[in-house]
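The values are calculated or read from the model by the stated rules, or taken from the named source; none is laboratory data. Being a predicted model, the structure only gives us computed values, none of them experimental. Because the Cβ atoms are built from the backbone with ideal geometry, glycine has one as well, and the counts that use them run over all protein chains shown. Just the protein is used for accessible areas: all its heavy atoms, side chains included, with ligands, DNA and RNA removed. Shrake-Rupley method; radii C 1.70, N 1.55, O 1.52, S 1.80 Å.
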Amino acid sequence: MSGRPLTGVRVIELAHIMAGPVCGLMLADMGADVVKVERLPGGDGTRGFVPPTVGDESSAFMMLNRAKRGLALDLRRPDGVDVVRRLLREADVVIENFRVGTMDRMGLGWDRLSKENPRLVYCQITGFGRTGPFAERGGFDLIAQGYSGLMSVTGEVGRPPVKVGAPVTDITAGILAAFGIASALFERERTGMGQLVDTSLFEAGITQTYWQSAIALASGVSPGPLGTAHPLAAPYQTFRTADSWINVGASNEATWRGLTTALGASELASDARFATNGDRMMNLEALVDVLSPYFAERTSDDWLEILTGEGVPVGPIASIGEMLEHPQTIAREMVIEVEHSRLGTVKALGSPVKVSRGEAWPEDDAPRVGSPRLGEHTREILLEAGWAPEEVEGLLSSGVALESSVP
């Protein structure tokens, strides 16, 4: 049996698209038995996302839902809701990311479920949180990036607003939710009681603004976009080389001196404009103007070698494809192979968290499991939870539940 940290924890994932499924994925990688409940008809919305696909499966769905078991139910029908409620009486965790009030209207809200299962950890991920004037608004990454201030500090000065390329509030909300769940489970060991975990895309975006919020709270002035530059340290940004671009992070005095040595420009170390980090920030435009011609003299590969040799943080601007093939990515098992029940071996991103005992993927563990087909484990889950075979047949024949076809 696997010794992963959350082995034995049963999670019911009543979530769709991204934030909730990210949370479920984090827990599954730590050993939790995550049962993904998909609403009929159609299932999770990511199943219908546009190509690229693997076979006829959405690559987006497959990425976020590996290592889970799939149960498909029609939650518009009372019998479908009753199945979920019965499962939740014995579950440890439920994750949902519907609009505030949706679960209550189905009879699956926190107030009711906590009475039926006092040990239940109920995690709700919404657009703006359960309280406040925006509580009932829906959650979308683009909207949350705008409200949270992220878009105001992203991009180049004088250019139109730009969002962070990745859906960072969705992903961060999922990670925050997983942290909240793990904390609630830890507290339950002392008290025996579950609790409500409440986070949102809005708050996930706000947590990305620590530095900028520190500036605004201290000065009363909202910082704007700086391109690739840092709001508190310099030089810490992208520079053009003879053939491409590199990131340079000489953000303290030791690395600044190393940079001037690497550039063959030791006189810059004694230039009063750049004597301290504060001076360099005050004279950032002049600093960039002085440094840029040096970087243009050599290729990126040259500078990567030279600056690394001087202990200056430096790196390329990798494409996603280059990142996926990088030796460090491979060494950290961030690209893994999983077994899909119909498509066979497919690739996915691995767990970003490693632990020394009960590692995410022990050598003797079962094969790494891919995403479930719609309703793939419906029969298995219901029988395991105590439904009689004839009851399961009734749910399937009536259309309340769906079992995927043979692969």
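Among the criteria (1) in a loop (DSSP other than H, G, I, E, B); (2) farther than 19 Å from Trp245 by Cα; (3) among the acidic types (Asp, Glu), the one Asp279 does not fulfil is (1).
Of all residues assigned to segment 202-217, none qualifies as being in contact with a Pro (Cβ under 9 Å, 6 or more places away or on another chain) and buried (at least 22 other Cβ atoms within 10 Å of the Cβ). Restricting segment 100-130 to residues that are under 30 Å from Pro167 (Cα atoms) and without any contact (Cβ under 8 Å) to a residue 40 or more places away in the chain, the residue that is surrounded by the fewest Cβ atoms within 10 Å (Cβ to Cβ) is Arg105. Whenever a residue of segment 259-277 is farther than 16 Å from Gly309 by Cβ and touching a residue at least 12 places away in the same chain (Cβ under 8 Å), its partners that are open to solvent by less than 60 Å² (accessible area, probe 1.4 Å) and β-branched (Val, Ile, Thr), lying with C-beta atoms within less than 6 angstrom and at least six residues away or across chains, give the pairs Leu268/Thr260; Ala269/Thr260. For segment 24-83, the set of residues classified as open to solvent by less than 10 Å² (accessible area, probe 1.4 Å), of a type in the set (Val, Ile, Thr) and closer than 22 Å to Leu395 by Cβ consists of Val34, Val35, Val37, Val83, listed by residue number. Where helices (runs of 4 or more DSSP H) fall wholly inside segment 1-109, the ranges with 2 or more residues that are under 23 Å from Glu403 (Cβ atoms) and at pLDDT 95 or above are 19-29, 59-64, 78-88.
Taking the criterion of being outside any loop (DSSP other than H, G, I, E, B), open to solvent by less than 30 Å² (accessible area, probe 1.4 Å) and either of a type in the set (Val, Ile, Thr) or modelled with pLDDT under 95 (or both), the residues of segment 218-262 that qualify are Thr238, Ile246, Val248, Thr255, Thr260. Criterion first (farther than 27 Å from Pro225 by Cα and of a type outside the set (Val, Ile, Thr)) does Glu253 satisfy it? No; evaluated as a whole, the condition is false for this residue.
For segment 146-196, filtered to residues that are closer than 15 Å to Pro225 by Cα and of a type in the set (Ser, Thr, Tyr), the residue that is farthest from the chain's Cα centre (by Cα) is Ser152.
For Leu142, the conditions (1) aliphatic (A, V, I, L, M); (2) open to solvent by 50 Å² or more (accessible area, probe 1.4 Å); (3) in contact with a Ser or Thr (Cβ under 7 Å, 6 or more places away or on another chain) are fulfilled apart from (3).
Being of a type in the set (Ser, Thr, Tyr) and in a loop (DSSP other than H, G, I, E, B) is the filter; apply it to segment 145-178 and report the residue that is least open to solvent (accessible area, probe 1.4 Å). In this case the residue turns out to be Ser148. The set of residues in segment 294-341 being in a loop (DSSP other than H, G, I, E, B), exposed (fewer than 15 other Cβ atoms within 10 Å of the Cβ) and in contact (Cβ under 8 Å) with a residue 40 or more places away in the chain consists of Ala296, Glu297, Thr299, Ile317. Contact map, segment 11-28: residues that are free of Cβ contacts under 8 Å to residues at least 60 places away in the same chain paired with residues that are open to solvent by 10 Å² or more (accessible area, probe 1.4 Å) and not polar (S, T, N, Q), Cβ distance under 8 Å, separation 6+ or inter-chain. Pairs shown: Ala28/Ala67. Annotation: Leu201 fulfils all but one of (1) out of contact with any Lys or Arg (no Cβ under 7 Å at 6 or more places or on another chain); (2) on the phi > 0 side of the Ramachandran plot; the unmet one is (2). In segment 376-399, of all residues being in a loop (DSSP other than H, G, I, E, B) and open to solvent by 40 Å² or more (accessible area, probe 1.4 Å), the one that is nearest to Arg10 (Cα to Cα) corresponds to Ala385.
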